[in-house]
Amino acid sequence: MPAGLTQEEHALFLAQVSDATPLRATPRAYLTPKPPKPNVRQRQPAQRALADATIQLADRLEDIDEPSYLHPGVSLQVLRDLRRGRWAIQREIDLHGYTRDAAREALAHFLSRSLQQGLRCVRVVTGQGLRSQGQMAVLRVLTRNWLAQCTKVLAYCEAKPADGGAGALMVLLRNQQRSPLHHSTKDDE
């Protein structure tokens, strides 16, 4: 008889559960399955809208194939360390399936939250554009440009193959506690 129960309480409990059958214990772990991939018809409208949308001059890169960026004034060693994986990825965002405007808004929100939380290295997954109409990697190109325009981004480079390869970027964010590029002066206060 369990401790803390009277003999009457224990008998009452056994009477209530007398018709219950015990569950079979199995050594399996039941995991939830991955959601199914969307079929082609579900993807087409978003892809068409993205491919047909005009790319404004501000959204273009000078060199589309350039897989890295280094903020002016930042040591080349920072970019080397980022390429070699010496910075741990602290968070990531996946922009697959986003429209251009939605991707820009999501990326801005993601970077803002990451900076507020003091994160330094994040991964931005854009995909390679292999499923896009004409296999255009529109988001990949635009994302690189947006990151290069952001003053809080010190550097970015293409991720290693295990981390997403050409479809992902490793992004190094500025340290909010100590900014290496901005020295406080009396004029700033």
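Quick note: the coordinates plus some simple rules give every number you see, no bench work behind them. If you're wondering where the values come from, they're calculated on a predicted model, not measured in any experiment. Note that each Cβ is placed from the backbone with ideal geometry, even for glycine, and that neighbours are counted across all protein chains shown.
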(request) Please report the relative contact order for the stretch 66-173, taking Cα pairs under 8 Å with a sequence separation of at least 6, and give it as a percent rounded to a whole number. (result) 35 percent
(message) Less than 14 Å Cβ to Cβ from residue 112, Lys/Arg counted +1 and Asp/Glu -1: what total charge do the surrounding residues give?
(response) +4
(message) Quick check for me: using +1 on Lys/Arg Cβ and -1 on Asp/Glu Cβ, what's the dipole size of the stretch 66-173 about its Cα centre, in debye to the nearest 20?
(response) 200 debye
(message) As an exercise, find the ratio Rg/Rh for the stretch 66-173 from alpha-carbon atoms, using the Kirkwood inverse-distance average for Rh.
(response) 0.94
